[in-house]
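Down below is the structure, laid out as structure tokens.
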Amino acid sequence: MVRDQSAFLAGREWIAYATVNKSVESRNFGVPFEADDIWVVRSDGTYPMRLTDDLSAEWWPAWGGDRVFFVTNRGGMQNICSVRVKPLEDAK
């Protein structure tokens with residue numbers, strides 16, 4: 001079962017989401033059916049941007065200002081990480 005792991009940035013038209021087995025790295029080296037990367041995309045589907053490219057699983061993205069926070073199992077334990085998304089407004 002795949003759960004909706006998207007997060008909408010209010011006031012801006014961007015959506016953050018987690019993918020499952022989308023990246024080449026995940027398909028070749030990852031765990032099947034495990035979340036692999038965090039992406040953002042405009043709400044109209046344009047300008048998809050991959051934010052993470054680590055082999056560890058990353059899921060549950062949430063916006064906090066100009067950052068996307070997410071859960072990851074980097075280093076073998078679950079933790080919360082974030083990445084600054086910049087510049088969102090340049091992709092118009």
**Prompt:** Among Phe69, Phe33, which comes first, second and so on when ranked by fewest other beta-carbon atoms within 10 Å?
**Reply:** Phe33, Phe69
**Asked** If you count, for each residue, the other Cβ atoms within 10 Å and average over each peptide, how do 55-61, 74-80 line up from highest to lowest?
**Response** 55-61, 74-80
**Request:** Give me Ser43, Ser82 ranked fewest to most by other Cβ atoms within 10 Å of their Cβ, as a rough exposure proxy.
**Result:** Ser43, Ser82
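Every read-out reported here was derived from the displayed coordinates using simple, explicitly stated rules and does not represent laboratory data. Nothing here was measured: the structure is a model prediction, and the numbers come from that model. Counting neighbours? That spans all protein chains shown, and the Cβs are built from the backbone with ideal geometry, glycine included.
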